[in-house]
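Below is one structure; the comments refer to it alone.
The values are calculated or read from the model by the stated rules, or taken from the named source; none is laboratory data. Owing to the predicted nature of the structure, the values given are computational and were not obtained by experimental measurement. Note that each Cβ is placed from the backbone with ideal geometry, even for glycine, and that neighbours are counted across all protein chains shown.
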Ligand SMILES: Cc1ncc(COP(=O)(O)O)c(C=O)c1O
């Protein structure tokens, strides 16, 4: 990766160099869409896609249980974020509830494939088709995950990826990608990321400086070639955690894959009693965990202030916010380390 970056810096333009277009081409091929447009972050991927779809003053329905950027992108695009509670089964938005949250102003549905687990795309696509809504997939945590054999990011009108350094693949810094079969949409995002240019000195929309740097694209090209193997390693770590922790009182395992869904375990998230105490115990034993997410988006101070949300609006998301704990998972994690983490959890809850 370092060689690829250094080669790109020595031989290519620093911005919109050859590696950028090569990375886009290979990423599109990998996801299975006709087009991929690289951008400066996952947030930019979402915001520029939503601007291209023109959500101005219209509602975009998403999940309260995600990183705040999912909803922020709607606001940045001039839209109004609205929320639908998640399902207890997969922590993703639930088509049955989505139907009840649609209004005459809803323009798009924005599901997140949370923790690398694909949302119920059949159910959501049925709604989008029958109501004439756009589908924007937030695949920031799910590079390579499949739903009925299709890669996420290739099912809706547009897919949005993040390459932030904790993701299943990165670009050695911030970056993002928009995937789509829609040529007009791809052109529109490509223009928006490049200052709204139609040609060197002519601009016909208000654009942004939101390109992916060439060096980062060169880095991403190398990472993309490792992605499948890294995802496989994540799946085997998840399987080992699940095998050891099955039946341990006080915790519930995350949703698993099935014949339709092949997740990529961006995170391995258990639902547990006394979450903060367990996190403290693990930290004392040298195991760093994460919490995704301790505050659901609608209860973030800025959303309470701007949209007047109050506790109790989305009870499942709110309850998950106080009971989910993300255990360590990354391709270089060793089996012995997974076993050590499990032993500490079993000690804490007093055995299976
Ligand atoms: C679900 C989700 N959506 C959007 C983003 C935003 O991506 P970025 O940090 O690259 O802007 C992230 C991650 O950071 C994310 O996890």
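Data for the structure
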| quantity | calculated |
| --- | --- |
| Conditions (1) under 17 Å from the mean Cα position of the chain (by Cα); (2) more than 13 Å from the ligand (Cβ to nearest atom); (3) in a helix (DSSP H, G or I): number failed by residue 3 | (1) |
| Hits in the stretch 62-91 - residues which are within 11 Å of the ligand (Cβ to nearest atom), within 19 Å of residue 315 (Cα to Cα) and either touching a strand residue (DSSP E or B) at 6+ places or on another chain (Cβ under 9 Å) or in a helix (DSSP H, G or I) (or both) | 62, 63, 65, 66, 67, 71 |
| Residue list for the stretch 42-55, restricted to those being surrounded by fewer than 24 Cβ atoms within 10 Å (Cβ to Cβ) and within 12 Å of the ligand (Cβ to nearest atom) | 43 |
| Meets criteria (over 27 Å from residue 85 (Cα atoms), crowded, with 17+ Cβ neighbours inside 10 Å and within 24 Å of the chain's Cα centre (by Cα)) for residue 234 | yes |
| Test: residue 308 is surrounded by fewer than 16 Cβ atoms within 10 Å (Cβ to Cβ) and at positive phi | yes |
| Residues that are in a loop (DSSP other than H, G, I, E, B) and either within 11 Å of the ligand (Cβ to nearest atom) or in contact with a strand residue (DSSP E or B) (Cβ under 8 Å, 6 or more places away or on another chain) (or both), drawn from the stretch 149-167 | 152, 153, 154, 155, 156, 157, 163, 164, 165, 166, 167 |
| Candidate set from the stretch 110-124 (those that are touching a helix residue (DSSP H, G or I) at 6+ places or on another chain (Cβ under 9 Å) and more than 15 Å from the ligand (Cβ to nearest atom)); member that is nearest to residue 163 (Cα to Cα) | 120 |
| Whichever residue in the stretch 169-203 is more than 29 Å from residue 150 (Cα to Cα) and in contact with a helix residue (DSSP H, G or I) (Cβ under 8 Å, 6 or more places away or on another chain) and, among such residues, is nearest to the ligand (Cβ to nearest atom) | 197 |
| Residue count, the stretch 137-148 (criterion: more than 11 Å from the ligand (Cβ to nearest atom) and either buried (at least 20 other Cβ atoms within 10 Å of the Cβ) or under 8 Å from the mean Cα position of the chain (by Cα) (or both)) | 4 |
| Residue in the stretch 204-227 that is out of contact with any helix residue (DSSP H, G or I) (no Cβ under 9 Å at 6 or more places or on another chain) and either outside the structural domain of residue 21 (by TED's automatic domain parsing) or part of a helix (DSSP H, G or I) (or both) present | yes |
| Among (1) closer than 27 Å to residue 316 by Cα; (2) under 15 Å from the mean Cα position of the chain (by Cα) - the single one residue 44 does not satisfy | (1) |
| Number of the condition not met by residue 19 [criteria: (1) touching a residue at least 60 places away in the same chain (Cβ under 8 Å); (2) within 16 Å of the chain's Cα centre (by Cα); (3) part of a helix (DSSP H, G or I)] | (2) |
